[in-house]
1. How big is region 85-125 on each of its three principal axes, counting only the C-alpha atoms and giving the largest first in Å?
2. If you count, for each residue, the other Cβ atoms within 10 Å and average over each peptide, how do 222-229, 37-44 line up from highest to lowest?
3. Pairs of Cα atoms under 8 Å, at least six residues apart: use those to get the relative contact order of region 172-256, whole percent.
4. Could you sort out which of Lys107/Lys324; Lys38/Lys310; Lys95/Lys185 sit more than 22 Å apart by Cα distance in this structure?
5. At R0 = 41 Å, how high is the FRET efficiency between Lys189 and Leu15 if r is their beta carbon distance? Nearest 0.05 is fine.
6. Distance between Cα centroids, region 129-190 to region 33-58: provide it in whole Å.
7. Show me, for region 62-70, the HN-Hα J-couplings you get by feeding each phi into the Karplus relation (A = 6.51, B = -1.76, C = 1.60, θ = phi - 60°), rounded to Hz, glycine and proline as x.
8. List the residues, sorted by chain then number, that are 5 or more residues from Ser237 or on another chain and whose placed amide H is less than 5 Å from its amide H.
Amino acid sequence: MFTIDAHLDLSMNALEWNRDLRQPVLAIRKREHGLTDKPDRTKGTVSLPALREGNVGLVVATQIARFVAEDNPLPGWFSPQQAWAQTQGQLAWYKEMEDCGEMVMIKDLAGLEEHLALWQNNETDNSSKPVGYISSLEGADSIVTLDHLHKAYANGLRAIGPAHYGPGRYANGTDSTGHLNDQGKALLKEMDKLNIILDATHLCDDAFWDAVEIFNGPVWASHNNCRVLVNHNRQFSDDMIKALIDRGAVIGGAMDAWMMVPGWQRGVSTPAAMGCNLDKLIDHLDHICQLAGNTQHVGLGTDLDGAFGKEQCPYDVETIADLKTIPELLARRGYSTIDIENIMHGNWLRLLRKAWN
Ligand SMILES: [Zn+2]
């Protein structure tokens, strides 16, 4: 079944993890033998061939670069200008993948429909099809000024999550608190004008409630699970989920193990010992469906290359191609074919078609 993954950090992996994503996952892992600089070395699960094998023909792909003030202990750039340059390097990688025929940027309705028709054509097999990507920005620190926002839009940027971890220039994120500042409000208003989708993921609670009030345009949460199942401020409370449902938003289920099962200890817990499998993700999706009373507000936003690999993802995911097992798991939980299509691609497409109409 055609599948959309609404959150991957492909370019970050290419440029900061030094992964040639045109290679099969096993080749990428092999090349990393002996490297110890990242916790997920030799354990990656994502590559362009694996996406094609899994019928994941469309992804939301990030640019990501944080600015850190002197008192911020998180890793990041010491000026917004450096962060901007980092994102432009990431964009250059996506553009190079386009030139190789590996990927294609999807930035409007005509391009979306053309791409879907290509992937629905079963006469050519997936291995020769470019993976479509919608350009998004995770954390808006790198938008130096609103002029940069216009530049980014002209370069195809179509979704922004204003926050990431910690304090941000526009909005505070996970593990942080505080309402939107004037700069954050101005960013949302300009995004509204440009019809850029607001990604509510990573907004701290205060900023989340400000943003849903101020912003009038299309909203999604690219990779977010439920606080009631795993209690952490990174996750959405039921009230937040209900507010998103009221806005017609879609929430992408994330496959970072600590967000899926309670009590995860980073670097200590293992997926098998914690019983972390794809069924646990379905628990989160199902909780949102129960709150909504339908299956129209959930999708997948795996984050499977978000600085973790097999050591911290469901044990029944060897590579991202295993997303193709999810329809059967949903069917076993009583989801109908239409429900399953909604979750695997239909809900993201409905939101995009409405946003880009
Ligand atoms: Zn994230």
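1. Principal extents (largest minus smallest coordinate, Cα): 40, 22, 11 Å.
2. Most protected by this proxy first, the peptides run 222-229, 37-44.
3. It comes to 28 percent, rounded to a whole number.
4. Lys107/Lys324; Lys95/Lys185
5. The value I calculate is 0.85.
6. Each part's Cα centre sits 26 Å from the other's.
7. The phi angles translate into 8, 10, 8, 7, 9, 9, 10, 6, 4 Hz.
8. Arg227
The values are calculated or read from the model by the stated rules, or taken from the named source; none is laboratory data. For clarity, every value in this text was computed on a predicted model and none was experimentally measured. Because the Cβ atoms are built from the backbone with ideal geometry, glycine has one as well, and the counts that use them run over all protein chains shown. For accessibility, only protein heavy atoms count, side chains too; no ligands or nucleic acids. Shrake-Rupley method; radii C 1.70, N 1.55, O 1.52, S 1.80 Å.
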